[in-house]
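Chemist: Next up is a structure, given as structure tokens.
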Amino acid sequence: MRKMLREKSYVLFLTILGLVTSLGSFGQTVLIDPTQGGGFELGSTFAANGWSESNSANNPWVVGTAVSNAPISGNSAYISNNGGVSNAYTTTTNALNYFWRDVTVPAGESVIKLTFNWQQQGESTWDLLQVFTAPTSITPTGTTTYPGNGFTNVPAGITGATYVGNGSIIAGVQTSTLFLPASLAGTTFRLIFSWKNDGGGGTQPPAAIDNISLTSRVPGNFISIATGNWVTPTTWDANDTPSPLDNATVSVGDVVTIATTGQGINNLVVNGTLQYGATPTQFDVNGNLTVN
């Protein structure tokens with residue numbers, strides 16, 4: 001009985017602590033603004049939007065207006081084999097092309113969240129978009145030498161970079177939410193987007209990217225205020241998405257659905273219902289799990 005009372009008291013303490021520290025949105029630093037350079041709306045080149053690029057002769061990244069598929073609109077970054085007229089690639093030639101930007105994260109702001117909209121067909125693990133972080137000493141160089149198939153492989157030309165995520169063959173515009181390594185807090189690093197394709201065929205269109213957002217903040221406590229998706233900000237009192245460094249409480253009466261892979265949390269208290277959607281096969285609780 002004493003053990004049960006202690007556990008209930010612990011849960012109550014966590015809930016009260018969450019209420020005290022979670023009210024209102026978390027203060028965050030905007031590192032890349034999706035309405036400005038992250039949306040490629042400051043000009044028709046990468047440089048005008050604060051990015052650098054390195055392309056080979058085949059299937060380069062361009063900034064243009066060929067892709068209009070909400071929420072991708074206006075200018076976006078995409079692969080083109082005809083100078084930006086269309087979002088298309090030549091499937092019979094090899095290509096490895098990059099664009100990137102250097103970012104400085106304030107010390108202590110270890111929750112570093114990257115979101116962006118993208119669309120892509122391509123070819124399985126052969127022709128696809130990839131995202132990396134790297135030290136600023138690594139400068140990508142576009143090449144016609146294919147780096148090898150696979151989602152997570154790091155091309156030889158950027159050895160020392162860290163794989164973050166990738167595109168895949170899926171219809172329509174997708175939204176990716178990725179949390180970068182906490183070790184990047186207090187450092188300046190290079191955020192790299194790449195496209196690779198071999199000469200063995202593939203399906204149009206290749207990658208297109210828009211509305212890139214990068215923010216950082218200190219870890220916090222989240223409490224659900226509605227039934228909804230785990231990655232939907234309005235599910236939570238802070239109007240943000242919990243990261244693997246945060247703590248979270250699913251409130252009584254709320255049903256929160258994990259419908260995206262790659263999600264996790266530090267400490268988790270479930271007073272309501274936490275359930276899987278159809279997609280994910282794993283959800284990591286890195287600290288304590290309390291289920292009431």
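The values are calculated or read from the model by the stated rules, or taken from the named source; none is laboratory data. The structure displayed is predicted, hence computed values, not measured ones. Counting neighbours? That spans all protein chains shown, and the Cβs are built from the backbone with ideal geometry, glycine included. These accessible areas exclude ligands, DNA and RNA; they are computed on the full protein's heavy atoms, side chains included. Shrake-Rupley method; radii C 1.70, N 1.55, O 1.52, S 1.80 Å.
Chemist: If V103 passes every condition in (1) in a loop (DSSP other than H, G, I, E, B); (2) open to solvent by less than 10 Å² (accessible area, probe 1.4 Å) but one, which one does it miss?
Modeler: Every condition holds for V103 apart from (1).
Chemist: Does the stretch 54-72 contain any residue that is open to solvent by 40 Å² or more (accessible area, probe 1.4 Å), within 24 Å of the chain's Cα centre (by Cα), farther than 20 Å from G172 by Cα and among the polar types (S, T, N, Q)?
Modeler: The answer is yes; a qualifying residue exists.
Chemist: Another one. Answer with yes or no whether A207 is in contact with a strand residue (DSSP E or B) (Cβ under 8 Å, 6 or more places away or on another chain), surrounded by 15 or more Cβ atoms within 10 Å (Cβ to Cβ) and closer than 30 Å to T91 by Cα.
Modeler: Taking the combined requirement at face value, the residue satisfies it.
Chemist: In the stretch 122-162, how many residues are among the acidic types (D, E) and touching a helix residue (DSSP H, G or I) at 6+ places or on another chain (Cβ under 7 Å)?
Modeler: Number satisfying all stated conditions: 0.
Chemist: Check off (1) in contact with a helix residue (DSSP H, G or I) (Cβ under 9 Å, 6 or more places away or on another chain); (2) in a loop (DSSP other than H, G, I, E, B) for G83 and give me the number that stays unchecked.
Modeler: So the condition that G83 fails would be (1).
Chemist: Right, G272: surrounded by 14 or more Cβ atoms within 10 Å (Cβ to Cβ) and in contact with a Pro (Cβ under 7 Å, 6 or more places away or on another chain) or not?
Modeler: Considered against the rule, which asks whether it is surrounded by 14 or more Cβ atoms within 10 Å (Cβ to Cβ) and in contact with a Pro (Cβ under 7 Å, 6 or more places away or on another chain), G272 comes out as no.
Chemist: Counting residues that are hydrophobic (A, V, I, L, M, F, W, C) and open to solvent by 40 Å² or more (accessible area, probe 1.4 Å), which strands (runs of 3 or more DSSP E) fully inside the stretch 107-196 reach at least 2?
Modeler: In the stretch 107-196, 170-180 are the strands (runs of 3 or more DSSP E) which contain 2 or more residues that are hydrophobic (A, V, I, L, M, F, W, C) and open to solvent by 40 Å² or more (accessible area, probe 1.4 Å).
Chemist: While we're on this one: So, in the stretch 230-266, of the ones that are open to solvent by 10 Å² or more (accessible area, probe 1.4 Å) and among the aliphatic types (A, V, I, L, M), which residue ends up modelled with the lowest pLDDT?
Modeler: Top of the filtered list is A259.
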